[in-house]
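S.K.: Sharing a structure, written as structure tokens. Questions coming.
No value in this document is a laboratory result; all are computed from the given coordinates. The shown structure was predicted, so the numbers you read here are calculated from the model rather than taken from an experiment. Please note: Cβ atoms are built from the backbone with ideal geometry, for glycine as well, and neighbour counts cover all protein chains shown.
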Amino acid sequence: MLVWSLWRDWWEHTIQLEEVFVGRHPPGEDLKLNVDAVVRSDSGFFGVGAIIRDAQGVVRACLAKKILEAHSPFVAECQASREGLEFARTCNLRVDWIE
């Protein structure tokens, strides 16, 4: 019963998040880049992730990368934006929106 309750809470939270993001796709033929970073202070590295979607929400490209440096969360987020833009360029995708 406990496992079911945890799963149900997780699933309802996931559905709520999806409902929040519906309609936040870029307009027309635009592409949107979403980036994020995770910092683990005890590991000496951080990770970045990037996903590029079109107006229908279809994933055009995605990236996950481990960077062997330790930074503050702010610097890691900035680096994630840079990595995402460089990735888009190597994929020959013109990004119109960044989040």
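S.K.: Between Ser41 and Lys65, with labels modelled 7 Å along Cα→Cβ, what's the label distance in nm to one decimal, could you check?
M.R.: A separation of 2.6 nm, rounded to one decimal place.
S.K.: If you don't mind, another one. Which number do you get for Rg(Cα) / (2.2 N^0.38 Å) in the stretch 26-98?
M.R.: For the stretch 26-98, the normalised Cα radius of gyration comes out at 1.15.
S.K.: Say R0 is 22 Å: what FRET efficiency, to the nearest 0.05, do Thr90 and Glu29 get from their beta-carbon distance?
M.R.: Once the sixth-power term is evaluated, E becomes 0.60.
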